[in-house]
Amino acid sequence: MKLPNRIYEEIKESVTNLLIKHNISCVPINGFEIANKMGIEVRPYPQKKYDLFLKVSEDGFTVFEDDKTIIYYNPCQMYQRMNNTIVHEIGHIVLGHLQESELAEAEVNFFAKYLLAPPVLIHKLQLHSPDEIANIFEISHQAAQIAWDYYNKWLLNSGRFYKPYEIKLIDLFQNNIGEYLQSNTQYPI
């Protein structure tokens, strides 16, 4: 489902504000860390109720108990998928989704894609392939291919003319970007 451009821009700003608010400034971006800083409990599916929880979702879901928010996730997945699940659920919370819908899923899928591998960070880190994106951002190869395609679209449409929220992301991640570039500089022999 394609969203209006206004919604994409609002989601990008929400992601940026979330990262700034919780001082998340290192790549790879860790959903477990974000949830912790937001005061959200993150729990694996309990072994005794594993099959029951799988019927709710193969990946994870959020419950609200009293004054607590709990994200349950399937611990039998690869780390990349667990992290994506946590970020996905955080997206539902941040975007204020109260029920499932095609629109909510489209919004939260974009939220997770943008949060886990923002195009401006791919650009500043000078990454040149989906494999590099997968390695640096610790996302699946499928997610890295999607991020690579989105990055190339971003380059064509706005690339070197940063929007205010992109400048904020660059500033937030500046030390991490500098360290990465410094440690990956190839000197001629």
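The values are calculated or read from the model by the stated rules, or taken from the named source; none is laboratory data. As the structure is a computational prediction, the values presented were derived from the model and not from experiment. Note: ideal-geometry Cβ built from the backbone for every residue, glycine included; neighbour counts use all protein chains shown.
Here are the numbers for this structure:
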read-out: Filter pass, I29 being surrounded by 15 or more Cβ atoms within 10 Å (Cβ to Cβ) and either outside any helix (DSSP H, G or I) or in contact with a His (Cβ under 9 Å, 6 or more places away or on another chain) (or both); value: yes
read-out: Any hit, region 128-145, residues being surrounded by fewer than 17 Cβ atoms within 10 Å (Cβ to Cβ), more than 19 Å from the chain's Cα centre (by Cα), within 18 Å of E10 (Cα to Cα) and not aliphatic (A, V, I, L, M); value: no
read-out: Top-ranked residue of region 49-69 - restricted to ones that are of a type outside the set (S, T, N, Q) and assigned to a loop (DSSP other than H, G, I, E, B), ranked as surrounded by the fewest Cβ atoms within 10 Å (Cβ to Cβ); value: D66
read-out: Filter result (under 18 Å from A143 (Cα atoms) and either without any contact (Cβ under 8 Å) to a residue 24 or more places away in the chain or in contact with an Asp or Glu (Cβ under 7 Å, 6 or more places away or on another chain) (or both)) within region 84-104; value: T85
read-out: Search result, residues across region 25-76 that are hydrophobic (A, V, I, L, M, F, W, C) and without any contact (Cβ under 8 Å) to a residue 40 or more places away in the chain; value: L52, F53, L54, V56, F61, V63, F64, I70, I71, C76
read-out: Filter result (in contact with a helix residue (DSSP H, G or I) (Cβ under 7 Å, 6 or more places away or on another chain), surrounded by fewer than 19 Cβ atoms within 10 Å (Cβ to Cβ) and aromatic (F, W, Y)) within region 146-164; value: Y150, W154, Y162
read-out: Pairs with Cβ under 8 Å, 6+ apart, first in region 1-14 and within 11 Å of Y114 (Cβ to Cβ) and among the β-branched types (V, I, T), second modelled with pLDDT of 95 or more and surrounded by 13 or more Cβ atoms within 10 Å (Cβ to Cβ); value: I11/L95; I11/E107; I11/F110; I11/F111; I11/Y114
read-out: Test result for E179, within 30 Å of R43 (Cα to Cα), among the charged types (D, E, K, R) and free of Cβ contacts under 8 Å to residues at least 40 places away in the same chain; value: no
